[in-house]
Amino acid sequence: MKLDYIFGKLWEAYTTQNPAVQRIYDLFAREGERVVNDHIAFRTFDDNRIGIDILAKPFILNGYVEKGTYHFEEKKLFAKHFEHKTDPEAPRVFISELLTKNFSEFLQNMIKSIVDQIPADMLNSEVLINSGRLWGKPSFEIYNRLKEESEYAAWVYVFGFCANHFTVSVNYLIKYDSVEKVNSLLKSNGFLINDAGGEIKGTPQELLEQSSIRSEIVKIDFIEGSFEIPGCYYEFARRYPDEDGNLYSGFIAKSADKIFESTNFYKK
């Protein structure tokens, strides 16, 4: 599969389930801005059948290379980011995985049981990255039990393999050329900003500033009935040049740690 097709299918699924994202994209377009993706992020587990290196395969086959690794002690995650070798506007790909061995026996067994249900032909498929939930209808009771230990685990249990978020590159915006201006535009149009750790994560001195909206609340069909839970969110990032004049291309773990909380539950 070619990159345009992969990204197109990811965007289609992402915006269909989370229409607020499309409204924000359209808002920038009406303001005359060209939206370029800084990065796309995915979540998975540390099972070697579906780990980071498995999900990265379709991107590696299309010219991406590994560029950085990250550890999130508090949330018990490991992550890698990948960049395209030749296309500077191709979005970075950020893939994280939950270190399940650091959680309860219940969580470990639950995650193993759902991965065991994935059809064998999907495990090495290029379409795994955008295949959604491959283990049948979720249980709201199990979702809540997982959420007590890890919001991340509960989210993946319900949504499966898909883009957790796309990220607008503020560097390409003209009128809204700062994260502050982007946040102001979003708030004035009724969108909620994730304020965990402050509305803006990172500083110019750290070479990366990020913000995000709160995840859209979406209705999910569980075994026990339909319930509303947080879905996906949209992120915004501005990068700064280092002392050599090169635009910083990595990620800051402590900032990403708070960005992850965009999918935490909140009252509408």
So which of 176, 248 is more than 20 Å from residue 40 (Cα to Cα) and either touching a strand residue (DSSP E or B) at 6+ places or on another chain (Cβ under 6 Å) or modelled with pLDDT of 95 or more (or both)? 176
Filtered residue count, the stretch 148-176, keeping only those that are free of Cβ contacts under 8 Å to residues at least 60 places away in the same chain and open to solvent by 30 Å² or more (accessible area, probe 1.4 Å): 2
Output the residues belonging to the stretch 199-251 that are within 19 Å of residue 22 (Cα to Cα), small (Gly, Ala, Ser), part of a strand (DSSP E or B) and in contact with a Phe, Trp or Tyr (Cβ under 8 Å, 6 or more places away or on another chain). 211, 212
Applying the selection to the stretch 73-83, what residues are in contact with a helix residue (DSSP H, G or I) (Cβ under 8 Å, 6 or more places away or on another chain) and either of a type in the set (Ser, Thr, Tyr) or part of a strand (DSSP E or B) (or both)? 77, 78, 79, 80, 82
For the stretch 186-199, which positions are aliphatic (A, V, I, L, M) and open to solvent by 50 Å² or more (accessible area, probe 1.4 Å)? 192
Quick test for you: out of 133, 145, pick the one residue that is open to solvent by 40 Å² or more (accessible area, probe 1.4 Å) and closer than 21 Å to residue 40 by Cα. 133
Could you count how many residues in the stretch 73-96 are more than 22 Å from residue 170 (Cα to Cα) and touching a residue at least 40 places away in the same chain (Cβ under 8 Å)? 6
Could you give me the residue pairs with C-beta distances under 7 Å whose first residue belongs to the stretch 192-210 and is at negative phi, whose second residue is of a type in the set (A, V, I, L, M) and in a loop (DSSP other than H, G, I, E, B) wherever it lies, and which are 6+ apart or on separate chains? 206/252; 208/252; 209/200
Being part of a helix (DSSP H, G or I) and either farther than 20 Å from residue 222 by Cβ or under 14 Å from the mean Cα position of the chain (by Cα) (or both) is the filter here, so list the residues in the stretch 155-181 that pass it. 155, 156, 159, 170, 171, 172, 179, 180, 181
Single residue of the stretch 89-117 satisfying the filter (touching a strand residue (DSSP E or B) at 6+ places or on another chain (Cβ under 9 Å) and in a loop (DSSP other than H, G, I, E, B)) that is farthest from residue 145 (Cα to Cα): 89
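The values are calculated or read from the model by the stated rules, or taken from the named source; none is laboratory data. Please read these numbers as outputs of a predicted model, since none were measured by experiment. As a convention, Cβ positions derive from the backbone with ideal geometry for all residues, glycine included, and neighbour counts pool all protein chains shown. To get the accessible areas, we keep the full protein, side chains included, count just its heavy atoms, and leave off ligands, DNA and RNA. Shrake-Rupley method; radii C 1.70, N 1.55, O 1.52, S 1.80 Å.
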